[in-house]
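The values are calculated or read from the model by the stated rules, or taken from the named source; none is laboratory data. Just so it is clear, the structure is predicted and the values come from calculations on it, not from any experiment. Here Cβ is always computed from backbone atoms with ideal geometry, including for glycine, and neighbour counts include all displayed protein chains. These area figures cover heavy atoms from the full protein model, side chains too; ligands, DNA and RNA do not enter into them. Shrake-Rupley method; radii C 1.70, N 1.55, O 1.52, S 1.80 Å.
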Amino acid sequence: MKLVLTIISALALSTAAFSDVVEDLRPAIKAAADENGIDPVLIEAIIRHESGHATSHAARHKNNLAGIMGRRGQRTYQTKEECVADLGRILARYKARGRVTTAQIGRVYCTVGGWARQVNAHMAAIRSGRHGSLEVYGISAGQPAPQGEN
């Protein structure tokens, strides 16, 4: 039992360390959200889900934090901020076509079952303050989600 608790604690600490990568990107996330009229918490939730809190191979080696695909597989970005900006543009195109909820977005962005539910769970965790202060987004922890979320 002690070994199990030690392993769980180590995993929690390592995830917390990688979460800082995403927190460091919050100014870029805010800029992409503002430029494209997208909820920054949605952008962050997709990043956290798709890249395992910026720990995935694509996040580390291709700066692809969002599982964004191109013609030849996962896209490669020069910087993580470039990927964040691209995700903002992709979500803006979906919004222009009436896809505003995570369920509607998930039908196009990721057809794997449960994607919207998992992104919503990340959004709830972010809004609760579990991943740090949301001050850069101009919202406070526990603030209700905007209309249309889910």
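Taking θ as phi - 60° and the Karplus parameters 6.51, -1.76 and 1.60, the scalar couplings of region 47-58 work out to 4, 4, 6, 5, 10, x, 6, 6, 9, 5, 4, 4 Hz in sequence order, x denoting glycine and proline.
Using Cα positions and a limit of under 18 Å, work out the aspartates and glutamates in reach of Lys95, with same-chain residues fewer than 8 apart set aside. Within reach: Asp34, Glu35, Asp39, Glu44, Asp86, Glu149.
Label positions at Ala96 and Ser133, each projected 7 Å from the Cα along the C-beta direction, are separated by 3.6 nm. Taking a ≥ b ≥ c as the square roots of the Cα gyration tensor eigenvalues, region 31-137 comes out rounded, since a/c falls below 1.5. Potential lengthening of the chain between Arg89 and Arg117 amounts to 7.8 nm, from the contour at 0.36 nm per residue minus the alpha-carbon distance.
Highest mean first, the peptides 127-135, 36-44, 71-79 sorted by other C-beta atoms within 10 Å per residue fall in the order 36-44, 127-135, 71-79. Phi angles across region 72-77 convert, under the Karplus curve 6.51 cos²θ - 1.76 cosθ + 1.60 with θ = phi - 60°, into 3J(HN,Hα) values of 10, x, 5, 5, 10, 10 Hz, Gly and Pro given as x. Computed from label points 7 Å out along Cα-Cβ, the spacing between Val108 and Thr76 is 2.8 nm.
In the full protein context, region 25-87 carries 44 Å² of accessible surface per residue, based on a 1.4 Å probe and ignoring ligands, DNA and RNA.
In plain terms, the C-alpha convex hull of region 24-64 casts an average shadow of 2.7 nm² when viewed from every direction.
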